[in-house]
Structure formats: structure tokens, C-alpha cells
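The values are calculated or read from the model by the stated rules, or taken from the named source; none is laboratory data. The structure presented is a predicted model; accordingly, all values stated were derived computationally and were not measured. A quick note on method: Cβ atoms are made from the backbone with ideal geometry, for glycine too, and the neighbour counts reach across all protein chains shown.
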Amino acid sequence: MTRKLTNPLFLFLAVWTSAGMAYLLGIVTGLFPDVERATAGIVLLGILTFCLGYLTWTLFLNVRPPADKPIEAPPHMLSTERVARGLKFTFLMGLIVLALGFYRISMVASYFGDSFLDLLTHPVRLRQQLVLFISTSIFEVNHITMLISVTSSLFSIGFVLLGVFLALSRSIVRYVYLCGFLLVSLGIGLSNLSRFEVTVHILYIILAYCFACHWRDPSERRNPLVGILIPFIAAAALFIVIEFLLDKGGNYAQPGRLRGFLFSFYWYLASPLAAFNEYIANFEGHYRLGQNMFFPFYKWLCRFGLAPETNLSVYGDMINIPYAANVYTYLRNIYDDFGVLGIAVAPYTLGWLTAAVRAKAAHHFHYLNLYLILLVLIIFSFYNYYLFSNQIYLQIFFGFLFFRWSVAPQPNAQSAGSLGAHVLSVPG
């Protein structure tokens, strides 16, 4: 089961099958209008090209002749000691992110003429002003925002490290790290009144844990469900607290708060495809030629005066279908830039790339960091375009810059790059 959880093709098909069935249920019950033929064709093309991209690399990998090189120990070998040092450093970055988040709230309060405590005690107004502040200053050079992006990217790497540490260490210290990282992440999520980044952090832990479980000696592997129980509890707690503060479930005209809260999960799953269908039905034919897919780079071109500023909405255009929605799957960014040609090429490239990086991730931690980013992109592909923030690219860059650790090969290893317990385990 753990292999399927980290398999790109399984995740992609599971995500799009679930979202598609939820969307069709909404059509059958009359919640959503009928699907456009163009929408159905674009979605099916995206699914088909991703599968072809993944299978292309897999076929290529299988027909290559096996290497005859002797197995050698890499110079910078991944160990629990190195992972523990990385966890301490990235945890410090998380504390800095948390402090900077509260400082940004004070900036927002000053910008709108509020006091810090007054804004902090009014969650709905805080959320509205944060969104407005970030949206209006997206093309400006804001040093606090830049510092938050840098430290947040390093903090995110810590969750990949944490998943590996949970799988490889037998010390009780691993749960101390787990609780510390989750508490800081929850604090950041509550200060931003956002569940997305915390959810991503929890996915990093779970996916890294499942992947690294196969690095251990087979005789020392344990039930992976034990290691991911606490992250699931943290995710549930965050969703409940945010719901209590913002009452998002009250936006769906459901009888009772609990029904509204539960319906919101269905809405998150089904509404992106419904919103994408409306987008395709009203598309005017003006392609942005990369402004969406490569927005972090385009933003810097604008800052240097090399490109004009765009009216692109950071948080998406809001529509009612019949309730408010502002996410359109990752296909909108691709189609908005390059049309059907983009739908044919981009998912194919993503499928090919994840298959290629997966082979590297079995032997190198920096590639595992990149691989998990691609997996999160796949998991949220039904929802939005995950690579919209420059923080993601910084996470990839710092992973290759500071965490270039290799997994020691085993002569009898099978797939996923197994690693002997003598390398990675510590006394319990």
C-alpha cells in the first residue's frame, strides 16, 4: 500500500477519478449545469497525456540494459545524525516564519488603520485584509514577503526530513520533533487563517514516511499507519479550528453547522471541475503564453521592467455555481496559457518527469524533496496549480544546495532504493 501512495500514476488516477465522480454526482443531482463537450475532451486529454508520459519513461527505463558498475558508498551519505541536524535548522526557520507572520499582521493592521490586537481577534476581517494586502502588493518588492518565502521554503524541507526521520529512527525523539513541527505549522496556518500550507506539510510527512519505509532493512520495517496517525489528527484539528473561526460551512445553505462543514469537503472536491467547465464555456480565446504557469518568473520580469504587469488574480476569479468557488483545477493555468496544445504537452511532461525523478528519489534526498513536490502537484491537480508560488521553486533550490545526501546502495535491494539499518537507525 505504501508503494501506491507514492506512485504518481496511482495518485493521479485516484485523485481525478474521485473528483470526476463527485462532479458527476453534482450534475446528476442538479447542483451543477451539464458538462460542456470541450471540458470533457480537455479533461480526458489531460488524463491520457499524463498516463502516456509516465508510461513512456517507465518503458524507457525497463528497456535500458542494466549497469555493470560495482556498488559504491556515496561520499555524502544520508544518516539520522545529518537528518537530525537538518531538522534543527529547518525548525528554527519555522519559528522565524511564525514571527514574521505576526509581524506581517501588524503591517496589515497598520496599512488598513486597524490595531494589531483588534485585527487578531476578528478572524473574518483579518482573512479579508490579508488577501487584499497580498493581492495588491504582488508585483512590489516587499522584503518581509521575500524573507517569509525563503524561510518558509526551508521550513517545508523540514517536513520531508521529518517523514524520513520518522521512518528511519527508533528513538522517542522523533515524536518530539513531530509535535514541535506540527505545532509551529499549525500556528502559521492559524495566523494566516489558511489550511492549505499546513495540509501540504502533512502530506510531505506522510509521503516521505511511506517512501523512506522502503529504505530500511526488510526485517526492521513496521506498520506505516502508526507513523502517520499524529499528522492526520493535526490536520483534523486545524480544519475544525478554522471552521470555528471563519464558519466557512455556513456559506453552503445546509441545515446545521455540521452538515455545512461536511458539505464543504464535497465542495472542495467537486467545485474545481465545475468552475473549470464554466471557464471553458466563457473562454474568450486570449492566451497568456506562460504568465500563469511561470508566474513567479514573470513577476520578476515585471519588477525589472522587462514585462508589463498583468491583471492576473492571485487567489482566482470568484464565481457562483451556485456557491462561491475560486479554483479551476491545474488545467486552467495550462489552458489559459497555451490552449489545447498545452493540455497535450504539460501533463505529458509532468507524467514523464515524475517517473524520471522517482528513480532518482530512491537514491538521493534532494531528489526526494523534488519528487514530493511533484506528488503534491499531482494530488492538488484537481484543485489548483501548485507551482504558482516562488516558495516552491526556492524549496527545490535549497534542497539541492544544502541537502545533497545520497542513500547508500544495498547489493540485494529491491526497487525504491532500500538502505541497511546499520546506516540510518539510531539506538532506541
**Asked** How many residues are buried (at least 20 other Cβ atoms within 10 Å of the Cβ), of a type in the set (Gly, Ala, Ser) and over 17 Å from Ile47 (Cβ atoms) if we restrict to the range 369-399?
**Response** 1
**Item:** In the range 112-129, residue nearest to Leu100 (Cα to Cα) [restricted to those that are surrounded by 15 or more Cβ atoms within 10 Å (Cβ to Cβ) and in contact with a helix residue (DSSP H, G or I) (Cβ under 6 Å, 6 or more places away or on another chain)]
**Value:** Phe116
**Request:** Could you grab me the full set of residues in the range 273-299 that are assigned to a helix (DSSP H, G or I) and closer than 13 Å to Ile334 by Cα?
**Result:** Phe276, Tyr279, Ile280, Phe295
**Item:** Which listed residue is touching a Gly at 6+ places or on another chain (Cβ under 8 Å), closer than 25 Å to Phe50 by Cβ, of a type in the set (A, V, I, L, M) and modelled with pLDDT of 95 or more, from Leu341, Leu331
**Value:** Leu331
**Item:** Candidate set from the range 112-163 (those that are among the polar types (S, T, N, Q) and within 19 Å of the chain's Cα centre (by Cα)); member that is farthest from Gly180 (Cα to Cα)
**Value:** Ser149
**Item:** Residue satisfying all of: in the range 239-277; charged (D, E, K, R) and surrounded by 15 or more Cβ atoms within 10 Å (Cβ to Cβ); farthest from Met21 (Cα to Cα) among these
**Value:** Glu243
**Asked** Going through the range 289-321 one residue at a time, which ones are at pLDDT below 85 and β-branched (Val, Ile, Thr)?
**Response** Thr310, Val314
**Request:** Show the residue pairs that are 6+ apart or on different chains and have beta-carbon atoms under 6 Å apart, the first residue being within the range 10-28 and in contact (Cβ under 8 Å) with a residue 24 or more places away in the chain and on the phi > 0 side of the Ramachandran plot, the second being surrounded by fewer than 14 Cβ atoms within 10 Å (Cβ to Cβ) and assigned to a helix (DSSP H, G or I).
**Result:** none
**Message:** Going residue by residue through the range 300-319, is there one that turns out to be part of a helix (DSSP H, G or I) and crowded, with 20+ Cβ neighbours inside 10 Å?
**Reply:** no
**Prompt:** Limited to the range 204-255, what total is found for residues that are β-branched (Val, Ile, Thr) and either in contact with a strand residue (DSSP E or B) (Cβ under 8 Å, 6 or more places away or on another chain) or at pLDDT below 75 (or both)?
**Reply:** 3
**Request:** Quick one: which helices (runs of 4 or more DSSP H) lie wholly within the range 100-204 and hold at least 1 residues that are over 30 Å from Leu301 (Cα atoms) and touching a residue at least 24 places away in the same chain (Cβ under 8 Å)?
**Result:** 123-136, 143-168, 173-192
**Message:** Going through Arg358, Arg404 one at a time, which residue ends up being crowded, with 17+ Cβ neighbours inside 10 Å, at pLDDT 85 or above, in contact with a helix residue (DSSP H, G or I) (Cβ under 8 Å, 6 or more places away or on another chain) and of a type in the set (Lys, Arg)?
**Reply:** Arg358
